[in-house]
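Note sheet for the following structure.
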Amino acid sequence: MTNIIFFGPPGAGKGTQAKIISEYLKVPHLSTGDILRKKLLDKDNLANELKKIMSSGNLVSDDILNSIVSSRLKKDASTGFILDGYPRTLKQSEFLNNFLNEISISINYIFNIKINFTILKDRIIKRSSEESREDDNINVIETRYNEYLNSTEKVSNFYRDNYSNTYYEIDGSLQIDEITDKIKKILKKS
């Protein structure tokens, strides 16, 4: 059973790598972004609230994400999992660590995909035109990147400082297959 967290700013390639590694290891990929985008298709109050939050580039509340993630992890606990887009805040990481302790599970690998903002911006603009994602415009990109710097990067640094034996930094400016190869080499080593 392998449990992984992917960190990195929006557009760094976390989702792409998480999907590839999920298929490679045969473990579920839990992308909070995908779950939230599916929820937007519902016609209820929460979907309307999420649409406002996400279209402005702001992050969804800790309580909503904690609830989504914990219910999924209960289901996937026996097979392993890959978290992509969670935890994004120190409060979420505290919730996750406590939750995993309660169900006697630990994180085996933490991958932080580091990338320069200029490369990131070009990548997201390209993704926007290919995937027609409303949340990929320049204002939203800058808001999400600043949110990342102000909260998620602190979470990644917390894991780097406290879980250094399972924490790996990956150069996000490399090609997709080069990043995948680096991750697979790390997975094969242990």
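The values are calculated or read from the model by the stated rules, or taken from the named source; none is laboratory data. None of the values given here were measured: they were computed from a predicted structure. Here Cβ is always computed from backbone atoms with ideal geometry, including for glycine, and neighbour counts include all displayed protein chains. Calculation scope for accessible area: heavy atoms of the full protein, side chains included, ligands and nucleic acids excluded. Shrake-Rupley method; radii C 1.70, N 1.55, O 1.52, S 1.80 Å.
For residues that are at pLDDT below 80 and surrounded by fewer than 19 Cβ atoms within 10 Å (Cβ to Cβ), scanning just the range 1-37, find the one that is farthest from the chain's Cα centre (by Cα). Walk me through it before giving the result.
We begin by selecting, within the range 1-37, every residue at pLDDT below 80; these are 33-37.
This time we only want the ones that are surrounded by fewer than 19 Cβ atoms within 10 Å (Cβ to Cβ), so: 33-35, 37.
Numbers: G33: 8, D34: 10, I35: 12, R37: 14 Å.
Going through the qualifying residues, I end up with R37.
Restricting the first member to the range 158-170 and to residues that are more than 20 Å from T180 (Cα to Cα), and the second to residues that are open to solvent by less than 80 Å² (accessible area, probe 1.4 Å) and β-branched (V, I, T), the beta-carbon pairs closer than 9 Å and six or more apart or on different chains are Y159/I5; Y159/I107; Y159/I110; Y159/T166; R160/I110; Y163/I107; Y163/I110.
Kindly evaluate S164 against the criterion of being open to solvent by 40 Å² or more (accessible area, probe 1.4 Å), farther than 24 Å from S55 by Cα, over 17 Å from the mean Cα position of the chain (by Cα) and among the small types (G, A, S). Spelling it out, S164 is indeed open to solvent by 40 Å² or more (accessible area, probe 1.4 Å), farther than 24 Å from S55 by Cα, over 17 Å from the mean Cα position of the chain (by Cα) and among the small types (G, A, S).
Is it true that S132 is open to solvent by 20 Å² or more (accessible area, probe 1.4 Å), at pLDDT below 85 and out of contact with any strand residue (DSSP E or B) (no Cβ under 8 Å at 6 or more places or on another chain)? Full working, then the answer.
On the way: open to solvent by 20 Å² or more (accessible area, probe 1.4 Å): yes; at pLDDT below 85: yes; out of contact with any strand residue (DSSP E or B) (no Cβ under 8 Å at 6 or more places or on another chain): yes.
Considered against the rule, which asks whether it is open to solvent by 20 Å² or more (accessible area, probe 1.4 Å), at pLDDT below 85 and out of contact with any strand residue (DSSP E or B) (no Cβ under 8 Å at 6 or more places or on another chain), S132 comes out as yes.
Residue-level check: of (1) open to solvent by 50 Å² or more (accessible area, probe 1.4 Å); (2) touching a Ser or Thr at 6+ places or on another chain (Cβ under 8 Å); (3) more than 15 Å from P10 (Cα to Cα), I119 misses just (3).
Quick grid of which residues meet (1) more than 15 Å from the chain's Cα centre (by Cα); (2) hydrophobic (A, V, I, L, M, F, W, C); (3) modelled with pLDDT of 80 or more:
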residue	(1), (2), (3)
K39	yes, no, no
K43	yes, no, yes
L46	yes, yes, no
I53	yes, yes, yes
G57	yes, no, no
D63	yes, no, yes
N66	no, no, yes
L73	no, yes, yes
S78	yes, no, yes
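Restricting attention to the range 150-190, the residues that are within 18 Å of R123 (Cα to Cα) and part of a helix (DSSP H, G or I) add up to 5.
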